[in-house]
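Asks: Once you've had a glance at the structure underneath, I'll fire off some questions.
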Amino acid sequence: MEFDAAEEGSQTVLITGGAGFIGTHLCRELIRNGYQVLSLDLKTYPPHPVSGVDYIVGDAREFNTVAHLLKQHAVNAVYHLAATVSVPLCQKDPVESYSQNMSATLNVLEACRMQVKPVRFAFASSAALYGSLGDSRGALSEHTIANRFSSFYAAQKHASEKMIELYCEYYKIPALVFRFFNVYGHGQDPSSPYSGVITIFSKLAKEKKPMTLYNAGEQTRDFIPVTDIVRALASALMLPEEKWDADVINLGSGTSTSVRELAEMIRTITGSNSSIVDAPPREGDVLHSLADIKRAKSLLGHEPSTDLSKRLGELLI
C-alpha cells in the first residue's frame with residue numbers, strides 16, 4: 001500500500017524508540033510518504049539520521065515529556081517502539097525491564113488519553129507471546145497465545161497488550177497491536193544484545209569465526225525484512241479510525257527457515273569457511289515459529305518478501 005500524507009493534509013507522527021533499528025527504518029518510510037515525524041529516544045541520533053525527522057532526546061516513561069510533545073505538535077499517531085527487547089536482559093533485570101516495557105507503555109497511553117483529539121496508538125509486540133505453540137510447525141494465528149510464558153519479556157508484552165485493549169475499550173483510544181516475528185535488515189548492530197541471529201551469523205561469517213547451532217539448528221523461524229515491517233506499519237495509517245480497535249496483527253513473512261539452513265545460506269553468500277559447531281538445546285528455546293499473515297494481508301495489503309536467500313544476498317554483498 002502506498003500512501004501520501006499530503007493527500008489528506010499534513011499529519012504528524014511520534015515514534016518512541018525512533019533512533020533504534022526498526023524506528024529508524026520507520027522514520028524513513030513515513031518521511032517518504034509525506035508525514036511530519038518526531039522521534040523520542042534516549043539516544044541523541046541513530047548512526048544514520050533520517051533527513052526531515054525531528055529527533056528529541058527523552059524518556060517515554062516521563063509523562064510530561066510525552067504529553068507536551070503530543071500537544072505541542074498536534075500529533076495524530078504514536079508508534080510505541082521503545083522497549084527492552086532482549087529476553088536475556090529482561091531475565092537479568094525484571095524490575096528495570098518492567099519499567100521500560102510496561103510503565104512506558106502505560107505512560108504513553110495515558111498521555112494519548114489526555115489529548116483533546118484522538119491520537120492513534122500503534123504498539124510493537126512480539127511473537128514471543130506464542131511460546132512453544134508453534135512446535136507443531138503450524139502457522140500461528142493472532143487468536144492463540146501461550147497459556148504460560150517462559151520469559152519476563154513475553155509476559156510484559158502480553159500485559160501491555162491487555163492494557164491497550166482496556167484503554168481502547170474504556171477510553172476510546174484508537175489502537176493496533178503488531179506482533180513482530182524475526183526482523184532483520186540494514187542497520188542492525190551485531191554487537192547489540194538486541195540483534196537477531198541473521199546479524200550475528202553474518203558477522204561471524206565475515207570474520208570466519210565458528211557459528212554455534214543449538215539443537216543441531218533444527219529450530220525454524222519466520223524471518224521478515226525490516227523494510228516489509230515498516231511498510232506494513234505505515235499502511236495502518238490508511239485504515240479508518242474504527243479499524244483501530246485494539247486488533248492484533250502478525251507481521252511475518254509466512255514462511256519458515258531452519259537455523260541450520262540459514263547458517264548454510266550465509267556461508268554460501270559470503271563465501272565464508274566458518275565452521276558450524278553443534279551445541280545442546282538451550283532451556284526455554286522455542287523450536288518452531290511461523291506467522292499466519294492472513295489478517296495482515298487483508299487489512300494492510302501486506303505482501304512480504306519470501307525469498308530469504310535473495311534478500312540475504314542484497315544485505316550481505
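Asks: Rounded to the nearest 0.05, what FRET efficiency do Arg282 and Arg148 give with R0 = 22 Å and r taken as the Cβ-Cβ distance? Could you check?
Replies: Details: r = 18 Å, r/R0 = 0.81.
Once the sixth-power term is evaluated, E becomes 0.75.
Asks: Loop-only check: which trypsin sites (Lys or Arg not before Pro) in the range 211-317 are DSSP coil with at most 14 other Cβ within 10 angstrom?
Replies: For trypsin sites (Lys or Arg not before Pro) across the range 211-317 that sit outside H, G, I, E and B with at most 14 neighbouring Cβ atoms in 10 Å, the list reads Arg282.
Asks: Take Asp245 and Lys71, extend 7 Å from each Cα along the Cα→Cβ direction, and tell me the distance between the two endpoints in nm.
Replies: Result: 3.2 nm between the two label points.
Asks: Now a separate question. In nm, to one decimal, how far is the Lys43 label point from the Tyr214 one, both placed 7 Å along Cα→Cβ?
Replies: For the pair Lys43/Tyr214, the computed spacing is 2.5 nm.
Asks: Additional query: To the nearest 20 debye, what charge dipole does the chain have about its Cα centre, counting +1 at the Cβ of each Lys and Arg and -1 at the Cβ of each Asp and Glu? It would help to have the intermediate numbers written out before the result.
Replies: Numbers: 30 positive and 35 negative charges, 86 e Å.
Around 420 debye, computed over the chain.
Asks: With r defined as the distance between the Cβ atoms of Ser10 and Ser99 and R0 fixed at 41 Å, what FRET efficiency is calculated, to the nearest 0.05?
Replies: With a Förster radius of 41 Å, E is 0.75.
Asks: Using a cut-off of 17 Å between alpha-carbon atoms, which aspartates and glutamates can reach Lys162, once sequence neighbours fewer than 8 places away in the same chain are excluded?
Replies: Lys162 reaches Glu110, Glu142, Asp245, Asp247.
Asks: If R0 is 35 Å, what FRET efficiency do you get for Ser51 and Arg113 from their C-beta distance, rounded to 0.05? Each step should come with its number before you reach the end.
Replies: On the way: r = 33 Å, r/R0 = 0.93.
Working from the Cβ atoms, E equals 0.60.
Asks: If you rank His48, His25, His186 by fewest surrounding Cβ atoms within 10 Å, what's the result?
Replies: His48, His186, His25
Asks: Per DSSP helix of 4 or more residues, -39500 (n - 2.57); summed, then divided by the residues of the chain. What does that give at 222 nm, rounded to the nearest 500?
Replies: -10500 deg cm²/dmol
Asks: Along the Cα→Cβ direction, 7 angstrom out, place labels at Glu207 and Lys294. What is the inter-label distance in nm?
Replies: 4.4 nm
Asks: Then there is this: Can you tell which of Gln188, Pro210, Ala236 lies farthest toward the positive end of the dipole of the range 170-246, using +1 and -1 charges on the Cβ of basic and acidic side chains (Lys, Arg; Asp, Glu)?
Replies: Checked the options; the winner is Pro210.
Asks: Using DSSP to define loop residues, name the chymotrypsin sites (Phe, Trp or Tyr not before Pro) in the range 1-93 whose beta-carbon has at most 12 other beta-carbon atoms within 10 Å.
Replies: none
The numbers here are math on the coordinates, done by the rules we state, and not lab data. Keep in mind the model is a prediction, meaning the values are calculated, not measured. Using ideal geometry, Cβ is built from the backbone for each residue, glycine included, and neighbour counts are taken over all protein chains shown.
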